[in-house]
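The values are calculated or read from the model by the stated rules, or taken from the named source; none is laboratory data. As the structure is a prediction and not an experimental result, all values here were calculated from the model. Backbone-built Cβ (ideal geometry, glycine too); neighbour counts: all protein chains shown.
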Amino acid sequence: MNFTLKIWRQKDAKSKGAFKEYQVKDISSDTSFLEMLDILNNDLVHAGEEPVAFDHDCREGICGMCSLHIDGHAHGPSQAVTTCQIYMRQFKDGQTITIEPWRSAAFPVIKDLVVNRGAYDEILQAGGFVSVRTNSVPDGNAIPIPQADAEESMDAAACVGCGACAATCKNGSAMLFVAARVSSLAKLPQGRVEGARRAKAMVAKMDELGFGNCTNTGACQAECPKSISIAHIARLNREFLCAKLED
Amino acid sequence: MAFKLDSKIPAGELSQKWSNHKAAIKVVSPANKRKLDIIVVGTGLGGASAAASLGELGYNVKVFCIQDSPRRAHSIAAQGGINAAKNYQNDNDSVYRLFYDTIKGGDYRAREANVYRLAEVSNLIIDQCVAQGVPFAREYGGLLANRSFGGAQVSRTFYARGQTGQQLLLGAYAALNKEIHNGSVKSYTRHEMLDIVIEDGEARGIIARNLVTGEIERHGAHAVVIATGGYGNVFFLSTNAMASNGSAAFQCYRKGAGFANPCFTQIHPTCIPIHGTQQSKLTLMSESLRNDGRIWVPKKLEDVEAIRKGTKMPADIAEEDRDYYLERRYPAFGNLVPRDVASRAAKERCDAGYGVNETGLAVFLDFKTAIERLGKEVIEKRYGNLFDMYKEITDVNPYEQPMQIFPAVHYTMGGIWVDYNLMTTIPGLYAIGEANFSDHGANRLGASALMQGLADGYFVLPYTIGDYLAKKIQAPKVSTNTPAFDEAEKAVREKIEKLLSINGTQSVDDIHKRLGHIMWDNVGMARTKESLEKAIVEIAALRKEFWKDVKVVGTADSFNVELEKALRLADFLELGELMARDALNREESCGGHFRVEHQTEEGEADRDDENFVYAAVWEYKGMDEVPELTKEPLSFEFVHLAKRNYKD
Amino acid sequence: MGCFLTNSSLGRKLVMSISGCFLVLFILIHMAMNIVAVISGDAYNMICGFLGANWYALAGTAVLALGVLVHFVYAFWLTWQNRKARGNVRYAVTVTEKGVDWESKNMLLLGVIVILGLLLHLSHFWAKMMLVELMGAHEVTIGDGSVVTPTDGAAIIQYTFSQWYNVVLYLVWFAALWLHLNHGVWSMFQTAGWANDTWYPRLKCLAKIVSTLIFLGFAVVVVVFYAKSLCGCC
């Protein structure tokens, strides 16, 4: 298969970027999207050009490192997968594919398709944890947890922190990401204890970092590689508002 | 000068060793902890849990990772689960049984005391993770659920769907975030350690490169902890993440730390087969699939031919024409034999010509029986996400046709040599998790890597590091303005300059792929004296070629992925040779190390307990010099060295 | 506590949710009133009399105006922040994601159409009824030159919707409102935290029912009066 790639190239955070076109040829349909970029990059190196910088690591859809906006979709045209799980058989031979970095004020471009997602770390540092010390804990079975609660907590905990939600949201809102963490811990008795504090601290940090306001479009859940539901956003709203009303 | 290895294994009854040791080692008072700095390199299960626990204790911790967030470390990709001897299933599990299974699974090439400690603290890990809000699978009654795993006859594996590594890492990452929030830990993301700094024979800090700006930074500390994982990517194709590398560990080795059992590599039996020459990465399918999946190849070669040509579909092969070779060879464990055994058995069938895809390098993992027995819904619930992933990658629906699998490099049991305190041969330098060599011997059991990473980070290192730091309470802040730091930084800069100036004709990946082929063909699942000698020569030649002909584009002072890869490959090119040398030295077959010359008549590994009950510890002598071997004898006081038997 | 309604994104959203909810309730009452005009002009005028220049009607109007103003100001405030959060460089290729309604991404545009419609509506009715009364006048001239009392709402309706362009403008306005409420009604539950996966289909169904009811309730008055003007029987 052959493709024309329209890729965003940007030297560094300060430089102005632009699209550049590349041709890739004789790509097997079983090749993954990122392998296709590996092939392009190897060709570029041989030509003495700088390869296209893009984030990736585990290539199994779990580390959350890959982050490409492909033809208008975060993580490409398939539902419920990360960029590394896209295969070239999903594209038409001869197609032009546009590849852009995440676009969000809170995720500035570092180089080409690589952005800085440190803001997500900062939000979790503000309160995305349970304050227990190593070793000062009861037996794992001391508190039974209803299976349904554990499952719902796991649904939210599946978040890989890739940033697709904020990158997709027309408002640049990080609500799905924040909600996934708050909701996951809120469903467990261990996380419940400091639920109010957590919701307030994380929302405050999210606002401070310049993420936008959620308008419930649901675009985040549509593009989330782990299909995390906006029901978790509703729970975050509830957690936050109840916490504030108790103040 | 050979190493004087002191494993510092405490005396006494096996079950009392760790308690006795904890009682005997020194502690540092809270006021003094505040004055001590610790560097942790790597943020996987080991690094994150260690940094968080050390921060909680009051030390000043700096933690480094190469990814954009500590959460992305490759521990996250572990699917199946984590072992613990809770005996929640009432199936007669115990600390001793977990210890015994692990020692046996490792083919008696690990230290008894270390493994017992691992089994002992395994239960604490589960409690810790539950308290952190890790959503482990639960039964209807609200209690923790378990599943079975390879190499064990009890059900002791705790899991969170097929994402156990992710959930445990998020737990450790949350603990780390808590300490970053409290100000005791400072996180440096997109930073790569390029050298370790040694002064007066002790670890004093690291040289790191800021991967965004290219700046070379100096960081001093009273102790340095290496938690940078394994070096499986020396094979180019492996299930490791693309950026996983052996460079941090290799710098320690280069600066004088012993490197133990480098040849012990785990080849995981259930990976998706290679599809072509342009592949960059192999994908693992969880070992938990072997709980319900049955592994087979056709009995008749004509069926193999027909499947390869596509004239017959695998599902159409009659039951009596299928060779469930694991069940045939190992009746007691069947499809749940340890990984090394399962991998070798697959290779044996493929070598005999029964490989079921065009490359001849694949066997079937079939759920037909399980679906008939349990129903599609149950299988979907258990493995739905894995089945979807398989279909996504291969375009084959595993509910209708069996999966194709083949072994791939997955984990390295070898690593930096450490004593019972997890300290390397360099005082003040520690290694934890996959980066060290300590607990898995020659083969690691499934669901034990997570256990080791967290055991080291949460429950071992935070105590044992105090024993060393107690001697440092009078030491001032480590100055980075010393000749040792100057020299280390200069060497790093020169190496980078050199790589950028070669401007040859081959890309880093071109050479890495060639290294991978040499390794897989000669230092892979079956090793011979000839293949290993050949590998040593070829790798040395390739290394020379690399330093003459590699082409690294871009600049030193910018975000430069090619440069990062080149620096890592430079180390792999030495590490690969070391692995071959170690494999050549070990004239026996054990665990993941299979020497063709040393097998029984039935083709099983033939271990040599007369001559090789030791850890092979290598000392660096220079890039093109032969490293020096020191042996740490392993003494088995409590278990009887027996031939591994998974047949009955 | 008061400040989270201004300084927190979730608080600001709650203000949108509550003010929106209030406006929906008002519109429902207004619609019920309008239906009366179709049934009996006299009854309608009686209601108009109740809601003339009385203190309670005035107070109600003031609160209502405040509600509109808050909803409007917050909408622009939030949108301004959202645009800033989106950054200066936009995607070259954009799509509508699967399962995402067009209206949910265009609430501000729809809101502006609703506001413009509202201004037109105020000029047609409120300016000729309550405002006139407030200014102390007791009669008002409507478009065709005839003079009526400001409490004779029925006559004003009759005249306004005999003009075809008003009918078209009002229907466009109602359509925009229909879309706005399709998203707005379930969205206000979501923002207040009263939603989950089980309730989404129900809430979205409720939103469709409410918005459609409002659309039909208003449109029927416009259409009936236009039809009446065409046949000229009354």
Quiz item: Out of all the residues in segment C:8-17, is one or more more than 14 Å from chain A (Cβ to nearest Cβ) and polar (S, T, N, Q)?
Solution: no
Scanning segment A:98-123 residue by residue, those surrounded by 22 or more Cβ atoms within 10 Å (Cβ to Cβ), part of a strand (DSSP E or B) and within 13 Å of chain C (Cβ to nearest Cβ) turn out to be A:99, A:100, A:109, A:115
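Can you give me the ranges of the helices (runs of 4 or more DSSP H) entirely in segment B:1-99 with at least 2 residues that are modelled with pLDDT of 95 or more and closer than 21 Å to residue B:206 by Cβ?
On the way: elements: B:17-24, B:30-33, B:45-57.
Where helices (runs of 4 or more DSSP H) fall fully within segment B:1-99 and carry at least 2 residues being modelled with pLDDT of 95 or more and closer than 21 Å to residue B:206 by Cβ, they are B:45-57.
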- Item | Hey, residue B:277 within 14 Å of chain A (Cβ to nearest Cβ) and touching a helix residue (DSSP H, G or I) at 6+ places or on another chain (Cβ under 7 Å) or not | no
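Which ones in segment B:442-469 are small (Gly, Ala, Ser) and touching a helix residue (DSSP H, G or I) at 6+ places or on another chain (Cβ under 7 Å)?
Initial filter on segment B:442-469 (small (Gly, Ala, Ser)): B:442, B:446-449, B:453, B:455, B:457, B:466.
Of everything in segment B:442-469, those that are small (Gly, Ala, Ser) and touching a helix residue (DSSP H, G or I) at 6+ places or on another chain (Cβ under 7 Å) turn out to be B:446, B:448, B:449, B:453, B:455, B:457.
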> If we scan segment A:149-170, do we find a residue that is over 26 Å from residue A:223 (Cβ atoms), in a loop (DSSP other than H, G, I, E, B), more than 7 Å from every other protein chain (Cβ to nearest Cβ) and at pLDDT 95 or above?
Replying inline: no
Is at least one residue of segment B:120-128 closer than 30 Å to residue B:256 by Cα, outside any loop (DSSP other than H, G, I, E, B), touching a residue at least 60 places away in the same chain (Cβ under 8 Å) and acidic (Asp, Glu)? no
Checking B:311, B:283 in turn, the sole residue that is surrounded by 19 or more Cβ atoms within 10 Å (Cβ to Cβ) and in contact with a helix residue (DSSP H, G or I) (Cβ under 9 Å, 6 or more places away or on another chain) turns out to be B:283
Of the listed residues (B:431, B:484), the one being surrounded by 23 or more Cβ atoms within 10 Å (Cβ to Cβ) and more than 11 Å from the chain's Cα centre (by Cα) is B:431
Is it fair to say residue A:174 is under 21 Å from the mean Cα position of the chain (by Cα), more than 8 Å from chain C (Cβ to nearest Cβ) and surrounded by 20 or more Cβ atoms within 10 Å (Cβ to Cβ)? yes
Could you go through segment A:86-96 and let me know if any residue there is within 21 Å of residue A:165 (Cβ to Cβ), in the same structural domain as residue A:16 (by TED's automatic domain parsing) and surrounded by fewer than 22 Cβ atoms within 10 Å (Cβ to Cβ). no
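Quick grid of which residues meet (1) touching a residue at least 60 places away in the same chain (Cβ under 8 Å); (2) surrounded by fewer than 17 Cβ atoms within 10 Å (Cβ to Cβ); (3) assigned to a loop (DSSP other than H, G, I, E, B); (4) not polar (S, T, N, Q):
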{"residue": "B:607", "(1), (2), (3), (4)": "yes, no, yes, yes"}
{"residue": "B:611", "(1), (2), (3), (4)": "no, yes, yes, no"}
{"residue": "B:615", "(1), (2), (3), (4)": "yes, no, no, yes"}
{"residue": "B:618", "(1), (2), (3), (4)": "yes, no, no, yes"}
{"residue": "B:624", "(1), (2), (3), (4)": "yes, yes, yes, yes"}
{"residue": "B:630", "(1), (2), (3), (4)": "yes, no, no, no"}
{"residue": "B:636", "(1), (2), (3), (4)": "yes, yes, yes, yes"}
{"residue": "B:641", "(1), (2), (3), (4)": "yes, yes, yes, yes"}
{"residue": "B:644", "(1), (2), (3), (4)": "yes, no, yes, yes"}
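From the list C:204, C:128, C:228, which one is under 27 Å from residue C:54 (Cα atoms) and among the charged types (D, E, K, R)? Before you say what the answer is, go through the steps one by one.
Numbers: C:204 fails: under 27 Å from residue C:54 (Cα atoms); C:228 fails: under 27 Å from residue C:54 (Cα atoms).
After ruling out the rest, the residue left standing is C:128.
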Cβ pairs under 9 Å, 6+ apart or interchain, first in segment C:104-121 and within 14 Å of chain A (Cβ to nearest Cβ), second part of a helix (DSSP H, G or I) and acidic (Asp, Glu), ordered by first then second residue, are C:110/C:103
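Quick one: which of C:40, C:8 is more than 28 Å from residue C:207 (Cα to Cα) and of a type in the set (Ser, Thr, Tyr)?
Details: C:8 fails: more than 28 Å from residue C:207 (Cα to Cα).
Just a single option satisfies the conditions, and that option is C:40.
Yes or no, residue by residue, for (1) more than 9 Å from every other protein chain (Cβ to nearest Cβ); (2) surrounded by fewer than 24 Cβ atoms within 10 Å (Cβ to Cβ); (3) farther than 20 Å from residue A:158 by Cβ; (4) not acidic (Asp, Glu):
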position: A:216; (1), (2), (3), (4): no, no, yes, yes
position: A:219; (1), (2), (3), (4): no, no, no, yes
position: A:237; (1), (2), (3), (4): no, no, yes, yes
position: A:245; (1), (2), (3), (4): no, yes, yes, yes
### Task
Considering every residue within segment A:55-76, establish whether at least one is away from chain C (no Cβ under 12 Å), outside any loop (DSSP other than H, G, I, E, B) and of a type in the set (A, V, I, L, M).
no
Is it the case, given these coordinates, that residue B:530 is without any contact (Cβ under 8 Å) to a residue 40 or more places away in the chain and surrounded by fewer than 22 Cβ atoms within 10 Å (Cβ to Cβ)? yes
Scanning segment B:79-93 residue by residue, those in contact with a strand residue (DSSP E or B) (Cβ under 9 Å, 6 or more places away or on another chain) and buried (at least 22 other Cβ atoms within 10 Å of the Cβ) turn out to be B:79, B:80, B:81, B:82, B:83, B:84
Checked segment B:132-189 for anything in contact with a Leu (Cβ under 8 Å, 6 or more places away or on another chain), surrounded by fewer than 24 Cβ atoms within 10 Å (Cβ to Cβ), facing chain A (nearest Cβ under 9 Å) and assigned to a loop (DSSP other than H, G, I, E, B); matches are B:137
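Of the residues B:106, B:58, only one is crowded, with 24+ Cβ neighbours inside 10 Å and either more than 30 Å from residue A:58 (Cα to Cα) or of a type outside the set (D, E, K, R) (or both); which? Show your work before the answer.
Numbers: B:58 fails: crowded, with 24+ Cβ neighbours inside 10 Å.
Result: B:106 is the single residue among B:106, B:58 that is crowded, with 24+ Cβ neighbours inside 10 Å and either more than 30 Å from residue A:58 (Cα to Cα) or of a type outside the set (D, E, K, R) (or both).
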Sole miss for residue B:570 among (1) over 25 Å from the mean Cα position of the chain (by Cα); (2) under 30 Å from residue B:588 (Cα atoms) is condition (1)
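Could you name every one of the strands (runs of 3 or more DSSP E) located completely within segment B:339-439 that has at least 2 residues being hydroxyl-bearing (Ser, Thr, Tyr)?
Values: elements: B:363-366, B:403-412, B:429-431.
Answer list for segment B:339-439: B:403-412.
Suppose we filter C:33, C:46 for residues that are away from chain A (no Cβ under 14 Å), out of contact with any helix residue (DSSP H, G or I) (no Cβ under 6 Å at 6 or more places or on another chain) and free of Cβ contacts under 8 Å to residues at least 24 places away in the same chain; which single one remains? Walk me through it before giving the result.
Details: C:33 fails: out of contact with any helix residue (DSSP H, G or I) (no Cβ under 6 Å at 6 or more places or on another chain).
Checking each option against the conditions leaves just C:46.
Could you grab me the full set of residues in segment B:228-241 that are part of a loop (DSSP other than H, G, I, E, B) and touching a strand residue (DSSP E or B) at 6+ places or on another chain (Cβ under 6 Å)?
Going through segment B:228-241, the residues part of a loop (DSSP other than H, G, I, E, B) turn out to be B:228-231, B:236-241.
The answer is B:228, B:230, B:231, B:238, B:239.
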For residue B:379, the lone unmet condition from (1) farther than 22 Å from residue B:646 by Cα; (2) surrounded by fewer than 19 Cβ atoms within 10 Å (Cβ to Cβ) is (2)
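Where residues in segment B:509-527 are part of a helix (DSSP H, G or I) and surrounded by 22 or more Cβ atoms within 10 Å (Cβ to Cβ), which of them is nearest to the chain's Cα centre (by Cα)?
The first filter runs over segment B:509-527 and keeps only residues part of a helix (DSSP H, G or I), leaving B:509-522.
So of that shortlist, the ones also surrounded by 22 or more Cβ atoms within 10 Å (Cβ to Cβ) come out as B:511-512, B:515, B:518-519, B:522.
Values: B:511: 23, B:512: 20, B:515: 20, B:518: 21, B:519: 17, B:522: 20 Å.
My answer is B:519.
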